[in-house]
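**Q** Could you have a look at this structure, given as structure tokens, before my questions?
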Amino acid sequence: MGASNGHPKPMGPRTSAMLRQDIERTRAELATSVSALREEVAVAADWREWVRRHPYACVGAAFAVGMLLGSRR
């Protein structure tokens, strides 16, 4: 595996068809990676998921914010 994308590096000069195939493969891999990243970000930013995974921390944070806002009056 000589290439950085995990595919073996061909010996000799590459033809335009080989380059196009590499570009299409890279585009497909990039689309898959972006899709997976988008899904992970959506889960990480979902407040319902945070409350489900860390209920006591969320209650504590809500209490602290309530105390902070309530003490300003």
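The values are calculated or read from the model by the stated rules, or taken from the named source; none is laboratory data. Every value quoted in this text rests on a predicted model; they were computed, and no experiment measured them. Note that each Cβ is placed from the backbone with ideal geometry, even for glycine, and that neighbours are counted across all protein chains shown.
**Q** Give the stretch 32-52 a look and list any residue that's surrounded by 10 or more Cβ atoms within 10 Å (Cβ to Cβ) and more than 12 Å from the chain's Cα centre (by Cα), or say none.
**A** If the condition is that a residue be surrounded by 10 or more Cβ atoms within 10 Å (Cβ to Cβ) and more than 12 Å from the chain's Cα centre (by Cα), then 46, 49, 50, 51, 52 are the ones that fit.
One line per residue, one yes/no per condition, for (1) touching an Asp or Glu at 6+ places or on another chain (Cβ under 8 Å); (2) modelled with pLDDT under 90; (3) of a type in the set (D, E, K, R); (4) in a helix (DSSP H, G or I):
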{"residue": "2", "(1), (2), (3), (4)": "no, yes, no, no"}
{"residue": "6", "(1), (2), (3), (4)": "no, yes, no, no"}
{"residue": "18", "(1), (2), (3), (4)": "no, no, no, yes"}
{"residue": "39", "(1), (2), (3), (4)": "no, no, yes, yes"}
{"residue": "44", "(1), (2), (3), (4)": "no, yes, no, yes"}
{"residue": "52", "(1), (2), (3), (4)": "no, no, yes, yes"}
{"residue": "61", "(1), (2), (3), (4)": "no, no, no, yes"}
